[in-house]
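What follows is calculated from the coordinates using simple rules that are stated; it is not laboratory data. Worth saying up front: this structure is predicted, and the values here are computed from it rather than measured. Cβ coordinates were reconstructed from backbone atoms using ideal geometry, including for glycine residues, and neighbour counts include every protein chain displayed.
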Amino acid sequence: MEQRRVGKSGLLVSRLGLGTMTWGRDTDEHESADQLRAYLDAGGNFIDTAATYGDGDSERVIGGLLDTLVKRSDVVLATKAGISFQAGQRVVANSRRNLLAELDNSLRRLGTDHVDIWQLQAWDEETPLDETLSALDYAVSSGRARYVGISNLSGWQSARAITLQEVQSTKPRITSTQNEYSLLQRNCEKEVRQCARELGIGFFAWSPLGRGVLTGKYRSGMPVDSRGASPHFAGFVAPYLDERSRRIVDAVVVASDGLGYSPLEVAITWVRDAPDVTSSIIGARTAAQLRGVLMSESVSLPAVVRQALNEVSALDVQ
């Protein structure tokens, strides 16, 4: 699998990253091990998780696989902090106290003394940004993180955080940003991707399959074994079951039929080879599904097909 440099850093990650949001909840330990094995066999090296995934269960499963199925030093391990769910409500808390406590808990669950990339998962309106960034400084200076990144921030928020870290040479640079990006969700093109390019940081695309909708599985209804049918992911998938999304999915299916690929392969390849994208984070419930995603490594899209998909999924500029 092709390795790409993360912004201006010396870090190299595979162009497909392994997402683990379902691990420990919808994906048990055995399926998770099979997924990791398939991913490693395909040449991948980048594992992405978060403290909030499965209330920490994703990190626990990964921790059980490190230095058993794969050497810790052979993978780039990334996690995130700053979001929690309390009484069913999403809470963002980027205080220095909270972030560093989350990092220590993540390291304990992962069974390692450091992560390769530690990412702020969201913007906190209540906590001063300088305080939040001081947690990143300490994570690196204490050896708990090798690199730091941001996730789900807007263009101006990203630029503010990145430039504040560059004011002093002793502060660790923000190395990467991670945002949702797919044919169904192209909002990051307005500012975030350009910010990443101009300021020299890597761009990781999460949910490049439009939360699973771009596979075409929802065209004829709601599969009982899908994320859209599960109680904790139904609301996650629902926004992409509208009329605009249906038109885009139909275009992907037409393209896949013409090229002899699956809709999944067309959708993931469109993101993977888009300008400024360093790595696309792929996730699956089963190892069989993941192997299907990994088949996209041999796929490339003709320019005319890419242009047609660009047009049908274009952002509304009004």
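Computed extension gain for residue 298 through residue 12, at 0.36 nm per residue and net of the alpha carbon distance, reaches 100.9 nm. Between residue 142 and residue 238, full extension at 0.36 nm per residue minus the direct alpha carbon distance yields a gain of 30.4 nm. Mean sequence separation of contacting Cα pairs (under 8 Å, at least six apart), scaled by the length of the range 250-318, corresponds to a relative contact order of 32 percent. Once the convex hull of all Cα atoms in the range 1-158 is built, its volume per residue stands at 117 Å³.
Counting Cα-Cα pairs of the range 66-159 in 10 Å increments starting at 0 gives whole-percent bin shares of 16, 48, 28, 8, 0. Global size of the chain: 18.8, 55 Å for Rg and Dmax (C-alpha atoms, Rg to one decimal, Dmax whole). Ellipsoid semi-axes for the range 251-312, based on the Cα gyration tensor and the rule √(5λ), read 20, 15, 9 Å when sorted largest first.
Taking the alpha-carbon centroid of each part, what is the distance from the range 184-219 to the range 1-60 in angstrom? Using only Cα atoms, the two centres lie 18 Å from each other.
The C-alpha atoms of the chain define a longest principal axis, and helix 129-141 lies at about 80 degrees to it. A simple spin-label model places the labels of residue 154 and residue 288 4.4 nm from each other, with each point 7 Å out along Cα-to-Cβ.
Let me have the 222 nm mean residue ellipticity of the chain computed from DSSP H runs of 4+ only, each contributing -39500 (n - 2.57), with the sum over all residues rounded to the nearest 500. List each step's numbers first, then the result.
Numbers: 11 runs with 119 residues, N = 318.
Roughly -11500 deg cm²/dmol at 222 nm, from the helical runs in the chain.
Using only the C-alpha atoms, the convex hull of the range 139-298 corresponds to 140 Å³ per residue.
If the segment from residue 113 to residue 164 were pulled out straight at 0.36 nm per residue, it would be longer than the present Cα-Cα gap by 15.7 nm.
Which whole-number percent is the relative contact order of the chain (Cα, under 8 Å, 6+ apart)?
Values: 575 pairs, mean separation 60.5, N = 318.
The value is 19 percent.
Cβ-Cβ distance of residue 4 and residue 187, R₀ of 25 Å, FRET efficiency by 1/(1 + (r/R0)^6): the value works out to about 0.65.
Taken along the Cα-to-beta-carbon direction at a fixed 7 Å, the label points for residue 254 and residue 310 span 1.8 nm. From most to least packed by mean Cβ count within 10 Å, the peptides 49-60, 175-186 give 175-186, 49-60.
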